[in-house]
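First comes the structure, then the notes that go with it.
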Amino acid sequence: MTEIAHPDSVERFRAALKEHGAEGDVVRLDDNAHTAQAAAEGLGITRGQIANSLVFLADGEPVLVMSSGGHRVDTDKVSAAFGGKKITKANADDVRAATGYVIGGVSPVGLATELPTLVDNDLAQYDTIWSAGGHPAYVYQTTFSELVRMTGGTPADIGE
């Protein structure tokens, strides 16, 4: 049996999971999971169970928002959670510099820099949720409580 080589970014994510005492493992999907819809279809789950890893800039500094794929993020709510800072969307270069991952593969841990993090309270309604696993074709099964613990994030209502 031949072992499939995983991208370095997936191995970095796996190491971070182990470091955080995480329970699950990283799974490769047949197709890339660049969107919550594509990931949900590939896993046979609802879009709301996808924990999107979104990078925004708060007064120019990167922050991570783990949002449910079931709705859009309300940037006014994100601003309020970060003390009224101006929230703007990060571009691909900002995302890569802050996280070490490409858009679509940004995982919640194993980031290039430590980022202030919000975790969408809407994710708490699901027994299991899935996040990106360091590459657009890889995902990780987790729980809301584990996601909050691993990221050191603050649970928040951030949906529109």
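The values are calculated or read from the model by the stated rules, or taken from the named source; none is laboratory data. Quick caveat, the model's predicted, so the values are computed rather than measured. No Cβ is skipped: glycine too gets one built from the backbone with ideal geometry, and neighbour counts run over all protein chains shown. We work out accessible area using only protein heavy atoms, side chains counted, and drop any ligands, DNA or RNA first. Shrake-Rupley method; radii C 1.70, N 1.55, O 1.52, S 1.80 Å.
The gain in end-to-end length when the Asp30 to Asp74 segment is fully stretched comes to 12.7 nm, 0.36 nm per residue minus the alpha carbon separation.
Antiparallel versus total DSSP beta bridges in the chain: what percent is that, nearest 5? Walk me through the intermediate numbers first.
On the way: 19 of 27 bridges.
The antiparallel proportion sits near 70 percent.
Give me the percent of the accessible area of segment 31-151 that comes from carbon and sulfur atoms, probe 1.4 Å, all protein chains in place.
Working: 2510 of 5310 Å².
Here carbon and sulfur together make up 47 percent of the probe-accessible area.
Using the Cβ-Cβ distance between Ala92 and His20 with R0 set to 30 Å, the FRET efficiency from 1/(1 + (r/R0)^6) comes to roughly 0.70.
Could you tell me the relative contact order of the chain? Use alpha-carbon pairs under 8 Å, at least six residues apart, and round to a whole percent. Write out the running numbers ahead of the final one.
On the way: 336 pairs, mean separation 45.8, N = 160.
Computed over the chain, the figure is 29 percent.
In what sequence, highest mean first, do 116-123, 16-23 appear when ranked by Cβ atoms within 10 angstrom? Let's see the in-between values first.
Working: 116-123: 22.4, 16-23: 14.8.
Highest-to-lowest ranking by the protection proxy: 116-123, 16-23.
Note on Met150: accessible area is roughly 10 Å² with a 1.4 Å probe, heavy atoms of protein only. Find which of Gly84, Ser145, Val55 sits farthest along the positive direction of the dipole of segment 50-160, computed with +1 on the beta-carbon of Lys and Arg, -1 on that of Asp and Glu, about the Cα centre. Checking the options against the dipole of segment 50-160, the answer is Val55.
Hey, can you find the accessible area per residue of the chain for me, probe 1.4 Å, expressed in square angstrom?
51 Å²
Taking Cα centre as origin and charging only the Cβ of basic (Lys, Arg, +1) and acidic (Asp, Glu, -1) residues, the dipole magnitude of the chain rounds to 200 debye.
With the simple spin-label model, which puts each label point 7 Å out from Cα in the Cβ direction, the Asp127 to Glu114 separation comes to 3.5 nm. Semi-axes of the equivalent ellipsoid of segment 1-152 are 24, 17, 14 Å, computed as sqrt(5λ) over the eigenvalues of the C-alpha gyration tensor in descending order.
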